[in-house]
Amino acid sequence: MTRDEALNLVREFVKNEGLVRHMLSVEAAMRFYAEKYGEDVETWGLIGLLHDFDWEIHPTLDEHPQAGSAILRERGVDEEIIQDILSHADHLGLPRDTVRRKAIAACDEVTGLITAVALVRPSRSLYDLEASSVKKKWKDKAFAAGTDRAEMEHAAQVFGVDIWEHVGNVITAMRRIAPEFDLVGNLR
């Protein structure tokens, strides 16, 4: 599956632009880490882009992402990529025994917190956002209360990256696509 085909699949099944932005963010983070580790950027990007494509049609943990795997198989997605996508779901208990599986788990949740922090800044931009700003908001448990900070820390640790280095890396990755989802803000 090409990146364009994957994006078309996402657009077919996802109408919520916030969810699309999340998947684009995770894709950017996965591509960043693939480059950093000398891995296949396109494959890693597909995992990030497709990981939540079925959330709107399967919005419960009883179904997501496992029910979506049948759709991916029908569309010809490689089984290894499907297994990597399935591994991001803690409730399935699949081993995160490859660097890709560790990466998708580490990149998934943190993108939402980074986006939330960027949106409350006066600039509304990723371009002037630093990990230290995320760290300040991290301590405020009422801020982005739906994000699981313990899960983020654990996933980064398993991935082998310090949480604040990881946050900085993901911010850098997301800056590459900031114009696509209006996180340039008032900075030019």
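The values are calculated or read from the model by the stated rules, or taken from the named source; none is laboratory data. It should be emphasised that the depicted structure is a prediction, and the values quoted were computed from it without experimental measurement. When we count neighbours, we look across all protein chains shown, and the Cβ atoms used for this are built from the backbone with ideal geometry, even at glycine. Surface areas here come from the heavy atoms of the whole protein model, side chains and all, with no ligands, DNA or RNA. Shrake-Rupley method; radii C 1.70, N 1.55, O 1.52, S 1.80 Å.
Which helices of the chain meet both criteria: a Cα extent of 27 Å or more along the helical axis and a mean Kyte-Doolittle score no lower than -0.5, with helices taken as whole DSSP H segments?
Membrane-span-like by this rule: 17-37, 99-120.
Quick one: if the Förster radius is 30 Å, what FRET efficiency do residue 135 and residue 158 give, using the C-beta to C-beta distance and rounding to 0.05?
The calculated FRET efficiency here is 0.90.
Would you mind getting the Kirkwood hydrodynamic radius of segment 1-105 from its Cα pairs, rounded to one decimal in Å?
Computed over Cα pairs of segment 1-105, the Kirkwood hydrodynamic radius comes out at 13.5 Å.
Give the cross-link partners of residue 36 among the lysines, using a straight C-alpha distance below 30 Å as the criterion and excluding same-chain residues fewer than 8 apart.
102, 135, 136, 137, 139
Binning at 5 Å from 0, report for segment 126-188 what percent of all alpha-carbon pair distances ends up in each bin.
In order of increasing distance, the bins hold 4, 17, 22, 24, 21, 10, 3, 0 percent.
Figure the gain on full extension for residue 19 and residue 116 (residue separation times 0.36 nm, minus the Cα-Cα span) and round it to one decimal in nm. It would help to have the intermediate numbers written out before the result.
Working: separation 97, 0.36 × 97 = 34.92 nm, distance 1.32 nm.
So the extension gain works out to 33.6 nm.
Please identify every one of the GluC sites (Glu not before Pro) in segment 111-188 that sits in a loop by DSSP and has no more than 15 other beta carbons within 10 Å of its own beta carbon.
Here the sparse-neighbourhood loop sites are 130.
For the chain, report the convex hull volume of the alpha-carbon atoms normalised per residue, in Å³, without decimals.
Output value, Cα hull per residue: 114 Å³.
So, for segment 148-188, what is the accessible surface per residue at a probe of 1.4 Å, expressed in square angstrom?
Values: 2060 Å² over 41 residues.
Roughly 50 Å² per residue, with all protein chains present.
Could you sort 125, 132 by accessible area so the largest value comes first, with the probe set to 1.4 Å? Please report the intermediate quantities before stating the final value.
Values: 125 0, 132 70 Å².
The ranking, largest first, comes out as 132, 125.
About its Cα centre, what dipole magnitude does segment 40-188 give when the only charges are +1 on Lys and Arg Cβ and -1 on Asp and Glu Cβ, stated in debye to the nearest 20? Present the calculation step by step, with values, prior to reporting the outcome.
Values: 17 positive and 26 negative charges, 181 e Å.
That gives a dipole near 880 debye.
Segment 50-148: which trypsin sites (Lys or Arg not before Pro) are DSSP loop and have at most 11 other beta-carbon atoms within 10 angstrom?
139, 141
Taking square-rooted eigenvalues a ≥ b ≥ c of the alpha carbon gyration tensor, is segment 56-123 rounded, prolate or oblate, where a/c under 1.5 means rounded and, failing that, a/b exceeding b/c means prolate?
Since a/c reaches 1.5 and a/b is larger than b/c, the shape of segment 56-123 is classed as prolate.
Treating only the Cα positions of segment 81-188 as identical point scatterers, give the base-10 log of I(q)/I(0) from the Debye formula at each q in 0.10, 0.15 Å⁻¹.
At q = 0.10, 0.15 Å⁻¹ the computed log10 ratios are -0.30, -0.64.
Round to a whole angstrom and tell me the spacing of the C-alpha centers of segment 172-187 and segment 64-140.
Between the Cα centres of segment 172-187 and segment 64-140 lies a distance of 17 Å.
Considering only protein heavy atoms and a 1.4 Å probe, what is the carbon-and-sulfur percentage of the accessible area of the chain?
Values: 4350 of 8760 Å².
It is 50 percent, rounded to a whole number.
Keeping every protein chain present and rolling a 1.4 Å probe, give me the accessible area per residue for segment 1-120 in Å².
For segment 1-120, the solvent-accessible area averages 42 Å² per residue.
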